[in-house]
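What follows is one structure encoded as structure tokens, with my remarks underneath.
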Amino acid sequence: MNDGAREVELAAEVSHADLTRPNIARMYDYLLGGSANFEVDREAAEQALELVPTERDYSYTNRSFLGRAVRYLATEAGIDQFLDLGSGVPTVGNVHEIARAHCPQAKVAYVDWEAIACHHARHLLGEDPQVSVTELDVCNAEEVLRSPGVAGLLDFSKPVAVLAFGILDLVPSPDGAALVERYRDACAPGSALAVSNNAQMSRTDDEVAALRSLLAGTSTPHLHIRTADEVAALFPGYALVDPGVVPAAHWRPDTPVSDEEAARGNVLGGVGILRS
């Protein structure tokens, strides 16, 4: 089936999806080599690459950090429940795959407001009782937390890892800590928070301005670039795990990464454990 025919089929299957504007989750999927995207997303992603040539580096750096953070949480931190906020389109190395490779009983609740992302996730997961997909806006924390896919799967009297990868920089409010606190307050001591956030490391001021202008025409028109101190401020109540908030490629890498390579990713990351 060619791309055009598949897009028509998807549009019919997910009739409430907004296919008139580019969507960051589908653009991200395209940059990672996925197929759950549309011409409007591909055009926007290619435009982003023209404006900021390191945007594909961002995608791969962010995804790799996700994998290492989940592995740490499922092994060293001993957490077997995950709430993935803004989970996006399923791709290689999903949270449940990584977690279960180290903790077979792991449960994962995926949450995203993008209809195509949720449709693909449900198709991929089938009837897996240890994984759920919830189509909601993560900014509506209380609604997310009481939804059947979250409240019915995760036991919040026990530690839960809240994952916020590339999402707090896209929500409307610049006060990401306030949103984090709403999820934190539902979690037991020993729970975790893992965050990645867009940063200005190798991007120029003009590139950031161009990227913001491009995103203004998408379904996620906000971009909150943060410094390391500003990302650290998203962890109230959490003890940051070494090495703290750093360029994501430098967070416990499997192989050495140069400062130049890490800077090309333009993403900061950190993991924290909720204090008693």
Requested in this report: Only one of these is under 16 Å from the mean Cα position of the chain (by Cα) and open to solvent by 20 Å² or more (accessible area, probe 1.4 Å): Ser64, Ser59. Name it.
Outcome: Ser64
Query - Conditions (1) buried (at least 22 other Cβ atoms within 10 Å of the Cβ); (2) out of contact with any Pro (no Cβ under 7 Å at 6 or more places or on another chain); (3) part of a helix (DSSP H, G or I): number failed by Ala44 - result: (2)
Report task. Report, ordered by the first and then the second residue, all pairs with beta carbons closer than 8 Å, sequence separation of six or more or different chains, a first member in the stretch 218-229 that is over 19 Å from Gly265 (Cβ atoms), and a second member that is not in a loop (DSSP other than H, G, I, E, B). Result -> Thr218/Ile24; Thr218/Met27; Thr218/Ala44; Ser219/Ile24; Thr220/Ile24; Pro221/Leu215; His222/Leu215
Report summary line: All conditions in (1) farther than 21 Å from Asp84 by Cα; (2) modelled with pLDDT under 95; (3) in contact with a helix residue (DSSP H, G or I) (Cβ under 6 Å, 6 or more places away or on another chain) are true of Gly217 except (3)
Query raised in the report: Considering Asp155, Asp169, Asp128, Asp137, which residue is open to solvent by less than 10 Å² (accessible area, probe 1.4 Å) and assigned to a loop (DSSP other than H, G, I, E, B)?
Result: Asp169
Requested in this report: Considering each of Ala239, Ala186 in turn, give the residue that is within 24 Å of Ala74 (Cβ to Cβ) and part of a loop (DSSP other than H, G, I, E, B).
Outcome: Ala186
Requested in this report: Could you please give the count of residues in the stretch 67-100 that are aliphatic (A, V, I, L, M), modelled with pLDDT under 95 and either surrounded by fewer than 19 Cβ atoms within 10 Å (Cβ to Cβ) or assigned to a strand (DSSP E or B) (or both)?
Outcome: 1
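The values are calculated or read from the model by the stated rules, or taken from the named source; none is laboratory data. Remember, it's a predicted structure, so these values are computed and weren't measured experimentally. Virtual Cβ from ideal backbone geometry, glycine too; neighbours counted across all protein chains shown. What goes into the accessible areas is simple: the full protein's heavy atoms, side chains included, and nothing from ligands, DNA or RNA. Shrake-Rupley method; radii C 1.70, N 1.55, O 1.52, S 1.80 Å.
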